[in-house]
Amino acid sequence: YCFCTEETLTAKKELAESEKLAPHYDGTCRNLSKEEVEARLKAKEIAVIRFHAPLKAYSFNDRVRGQVVFPEGMVGDFVILRANGIPVYNYAVVVDDSLMKISHVIRAEEHLPNTLRQLMLYEAFGETPPEFAHVSLLIGEDRQKLSKRHGATSVTLYKEMNYIPNALLNFLCLLGWSHPDETDIFDPLKLGSLYNLDRFTKSAAIYDVAKLNFINGQHLKALPIEVILTEVEKTIPSAHPFHKMEHEWKLRCVTVFKDKIQFFQDFTTHMDILFSTEVSDSADYLEAISWETTPKIKEYLAGEIAILKVAGKSFVTVDDYNIWSEHVKGELKIKGKQLFMGMRAVLTHQAH
């Protein structure tokens, strides 16, 4: 039992700090007799219960950080039961984990200092401590501890933002852990025994939203094209002309643009170039249509598209485009910027 008041403890702490000493409890009440304790408790003096900390070094093998050694004298007699009768965390967690026969404790590195007190308590109880693994903290791109200011903070929000579940899980697996094949893209549901403590790293894990978005795009591209189309259609406004197109056309359209998007909702922005009748007024576009080579491209492409229409085709394939491009380069002798920007300006009324 310790009867030291908050004021007394604060004064002792300040004195120790002024003398450049560790602010440990100085053991004032450690050797009170049983009779004195009982008398003071009977007199309704407020008391906490402290643990008599052994003066010796402790060590353990952390599954992430390797051998960790706590030199003797790092902590003084610490409180295990508050004056209101509520046990403190370090005491309660040891009792709880002992009774549940917990084998492994995996937690953030900021809990590492707690381990010393817990090892003392396990020893006092005659219990074998669990294996500890102190994993690295999550930090934002500003190198600060992750908080709400770094973006979405719940799975529900990520769902509303149309992240693919497996992509989010893939990203989370990579926070403080690395795949044995040194790949960043994988099916997290197939990891099995590959995901273990041996591949966790001590360095802080950066919550990189750009990387999360990239991973989402990679998982999106790997989906069956029918699945992509179904999800894309949910994000396109109901009045959009895309919905009036034939199913086969939609599939081919999605096939063309899927490599350019990271989210299903990005599709509309890329696809608008097919349906927009707007003519760009950008300096790059006005420059492209002013070149003397552009009318030649326009005349040639108009003829090619007319041929497709006569054949009943409603979709220009990649092969069609490549043939046109080779003709413009080989027969019309137009190359480089004037070839690519010129063709783009004629076909889309946009420079980019």
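Things to note:
- In summary, GLU127 fulfils each of the numbered conditions (1) over 22 Å from ASP198 (Cα atoms); (2) touching a Ser or Thr at 6+ places or on another chain (Cβ under 8 Å); (3) open to solvent by less than 40 Å² (accessible area, probe 1.4 Å) with the single exception of condition (3).
- Test: residue in the range 236-258 that is within 19 Å of LYS159 (Cα to Cα), open to solvent by 60 Å² or more (accessible area, probe 1.4 Å), at pLDDT 90 or above and of a type in the set (D, E, K, R): no
- Residue match in the range 50-71 (condition: open to solvent by 30 Å² or more (accessible area, probe 1.4 Å), among the aliphatic types (A, V, I, L, M) and either touching a Phe, Trp or Tyr at 6+ places or on another chain (Cβ under 7 Å) or assigned to a helix (DSSP H, G or I) (or both)): yes
- In the range 72-91, residue most open to solvent (accessible area, probe 1.4 Å) [restricted to those that are β-branched (Val, Ile, Thr) and at pLDDT 95 or above]: ILE86
- Restricting the range 305-330 to residues that are at pLDDT below 95, in contact with a Phe, Trp or Tyr (Cβ under 9 Å, 6 or more places away or on another chain) and surrounded by fewer than 16 Cβ atoms within 10 Å (Cβ to Cβ), the residue that is farthest from VAL256 (Cα to Cα) is LEU308.
- Flag for LEU347 being under 20 Å from VAL256 (Cα atoms) and either hydroxyl-bearing (Ser, Thr, Tyr) or over 43 Å from the mean Cα position of the chain (by Cα) (or both): no
The values are calculated or read from the model by the stated rules, or taken from the named source; none is laboratory data. A quick note: this is a predicted structure, and the numbers were derived from the prediction, not measured. Don't worry about glycine lacking a Cβ; one is built from the backbone with ideal geometry, like all the others, and counts go over all protein chains shown. We work out accessible area using only protein heavy atoms, side chains counted, and drop any ligands, DNA or RNA first. Shrake-Rupley method; radii C 1.70, N 1.55, O 1.52, S 1.80 Å.
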